[in-house]
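First up is the structure itself, then whatever we jot down about it.
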Amino acid sequence: MSPLTDRTPLSSFVSCRKLLWDAAAIAYTLLGYVAGLALLLQSAVWANAFGVLLLTHSLVYSAYLSHEFMHSSIFPGRRWNVIWRTVMLWLNGGCYGNFDDLSRRHIAHHVDRVDFAGFDIVETLRALPKSIRWAILS
């Protein structure tokens, strides 16, 4: 019997717990994002500092979760992975790219074992006015 299809009590236990851990990570990410923003709006410096840490940590979680959603490894069906992937991409700024395009490039990164950039950064910098290029590179 294949380990992937084995439904022993241990694999059922792990599968059930995985769903709980995934749900906890998603909830922490969303609540941490909102709480971090709320703490940044407070007048106390300690609240601002904690808000920065909490917001940063929740954004890191959203990036990791986006990666897992791109692989469709959180939920069994594609539909819920796409919905939550979109939510996480909105949190971490990935909403500017098309999700299917991001997923395709990401999977190609794993298959081809190369990093792929959609634009040439050297040519982009050369096309900028000299003063802006100098400000970026200095």
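Computed from the coordinates by the stated procedures, all read-outs in this text should not be read as laboratory data. Small disclaimer: the values here were computed from a predicted structure and weren't measured. A quick note on method: Cβ atoms are made from the backbone with ideal geometry, for glycine too, and the neighbour counts reach across all protein chains shown.
What's the percent breakdown of Cα-Cα distances in the stretch 31-100 across 10 Å bins, shortest bin first?
Per 10 Å bin, starting at zero, the Cα-Cα P(r) for the stretch 31-100 comes out as 22, 41, 25, 11, 1 percent.
Please arrange TYR33, TYR64 by counting, for each residue, the other beta carbons lying within 10 Å of its beta carbon, fewest first.
Numbers: TYR33 20, TYR64 14.
With the fewest neighbours first, TYR33, TYR64 line up as TYR64, TYR33.
Among residues other than TRP80 whose Cβ falls under 15 Å from its Cβ, what is the net charge (Lys/Arg +1, Asp/Glu -1)? Please list the in-between numbers first.
Details: positive: LYS18, ARG78, ARG79, ARG85; negative: ASP22, GLU68.
Residues close to TRP80 contribute a combined charge of +2.
Give the shape of the stretch 9-137 as rounded, prolate or oblate, defined through the alpha-carbon gyration tensor: a ≥ b ≥ c are the square roots of its eigenvalues, a/c under 1.5 means rounded, and otherwise the shape is prolate if a/b is larger than b/c and oblate if not. Mind showing how you got there, number by number?
On the way: a/c = 2.86, a/b = 1.21, b/c = 2.36.
The shape class here is oblate.
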